[in-house]
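*Asks:* To start, I am sharing the structure in question, which I have written as structure tokens.
The values are calculated or read from the model by the stated rules, or taken from the named source; none is laboratory data. Remember, it's a predicted structure, so these values are computed and weren't measured experimentally. Ideal geometry is used to build each Cβ from the backbone, glycine not excepted, and the neighbour counts take in all protein chains shown.
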Amino acid sequence: MMDITIIGAGVAGLCIARTLIDRGASVLLIDRHDHLGPHACSWWAGGMLAPFCEGESAEEAVVRLGGEAADWWAAKTGQVQRCGSLVVSPTRDKSDLARFARRTSGFREVNSEEIAALEPDIAQRFSRGLFFESEAHLAPRKALETLRASLLADGARFVQEDAEPDAYAQKGITIDCRGFEAKTDLKDLRGVKGEMLILSCPDVSLNRAIRMLHPRVPLYVVPRGDGIFMLGATMVEGRASKHVSARAMLELLSAAYALNPAFGEAEVLEIGVDSRPAFPDNLPRIRRDGNLIRANGLYRHGFLLAPALARMVADLILLNITPEVMDETAA
């Protein structure tokens, strides 16, 4: 049995650990924290498993590799909701919807009656939309907790430590999954600011992730059940500050109100901000230097691309197969 150390127990580290254990490896996970929580970038994820929608601005590889995500998360956690994704825009911004349609695939156009059948609580506000029927979403925190519990049950060891990857690599194969914390070792890694709100609004019911096109910042609402919603925007460049900006707060709440005025009475349960790690082309990278493998750069596609990244890391270690996203550049 091969012994492997993973540093970083966020979505990338947990997915890689799950894949390696499923293929017979023994795994030690090391993280600065002994629990999941708001310190982790993946704690604030939207949880949209929407590869076709991401094709509007992402590379072809994101669409193709992201197609693995829903089945993987369903098999490993049972948390996936396969309700599709709905993209809408105000009537005055109908050109934005046409542009989104030109850049994506895997959808069918829907009119006001079809929107009413899919999402009655926003039907009066939108006359046209795009329905991506094969897409899905999950509750990120529940998925991570389920994944962590399954790893513990299957023999993975977790250690709380502020570890240096190079030191562990001297002892054996080590995978660095620290996300933006690896910035000092990955000079071309940058932070993409993510700002999000968690709202309680029992008067609104949504079945699936809704994207409302916006001229400046893409906005989304993802239902968490029991009247809880994640509202987010993830396209602001720059390392995250400690607090959400006033502009982002206004835009997020305005978007929610535009979907349904009842959101005006919603309670703001949580406000989150973080830095999503990204390379210049917004695609993940796998880099290897002897025993040290660095897997990073999931950008805003953490839950969407982590299963494919995990598969490629496992293939590299166990089968010596060069990953599609292998970067020979020295870390």
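*Asks:* Out of the residues in the range 65-97 that are of a type in the set (Gly, Ala, Ser) and out of contact with any Asp or Glu (no Cβ under 7 Å at 6 or more places or on another chain), which is nearest to residue 145 (Cα to Cα)?
*Replies:* Only one residue fits best here, namely 78.
*Asks:* Which one of the conditions (1) modelled with pLDDT of 95 or more; (2) surrounded by 15 or more Cβ atoms within 10 Å (Cβ to Cβ) does residue 96 fail to meet, given that it meets all the rest?
*Replies:* Result: residue 96 fails condition (1) only.
*Asks:* Among the listed residues 113, 109, which satisfies the condition of being part of a strand (DSSP E or B), surrounded by fewer than 20 Cβ atoms within 10 Å (Cβ to Cβ) and at pLDDT 95 or above?
*Replies:* One residue alone meets the criteria, 109.
*Asks:* Tally the residues that are closer than 16 Å to residue 91 by Cβ and free of Cβ contacts under 8 Å to residues at least 40 places away in the same chain, restricting the search to the range 115-130.
*Replies:* 6
*Asks:* Quick check: is even one residue across the range 196-210 crowded, with 21+ Cβ neighbours inside 10 Å and under 15 Å from the mean Cα position of the chain (by Cα)?
*Replies:* yes
*Asks:* Are any residues in the range 273-299 among the charged types (D, E, K, R) and either surrounded by 22 or more Cβ atoms within 10 Å (Cβ to Cβ) or within 25 Å of residue 4 (Cβ to Cβ) (or both), and if so, which ones?
*Replies:* Within the range 273-299, 274, 276, 285, 287, 288, 289, 294 meet the criteria.
*Asks:* Looking only at residues that are assigned to a strand (DSSP E or B) and out of contact with any Asp or Glu (no Cβ under 8 Å at 6 or more places or on another chain) in the range 160-190, which one is nearest to residue 267 (Cα to Cα)?
*Replies:* Checked the range 160-190; the qualifying residue nearest to residue 267 (Cα to Cα) is 175.
*Asks:* Within the range 126-157, restricting attention to residues that are of a type in the set (A, V, I, L, M, F, W, C) and assigned to a strand (DSSP E or B), which residue is surrounded by the fewest Cβ atoms within 10 Å (Cβ to Cβ)?
*Replies:* 131
*Asks:* Could you pull out every one of the strands (runs of 3 or more DSSP E) wholly within the range 266-319 that has 2 or more residues that are in contact with a Leu (Cβ under 9 Å, 6 or more places away or on another chain) and among the small types (Gly, Ala, Ser)?
*Replies:* 267-278
*Asks:* Quick check on the range 240-261: of everything there that is touching a helix residue (DSSP H, G or I) at 6+ places or on another chain (Cβ under 8 Å) and surrounded by fewer than 18 Cβ atoms within 10 Å (Cβ to Cβ), which residue is nearest to residue 198 (Cα to Cα)?
*Replies:* 253
*Asks:* Let me ask another. Regarding residue 276, is this residue at pLDDT 95 or above and basic (Lys, Arg)?
*Replies:* Considered against the rule, which asks whether it is at pLDDT 95 or above and basic (Lys, Arg), residue 276 comes out as no.
*Asks:* Does the range 116-153 hold any residues that are modelled with pLDDT of 95 or more and over 28 Å from residue 51 (Cβ atoms), and which are they?
*Replies:* Within the range 116-153, 152, 153 qualify.
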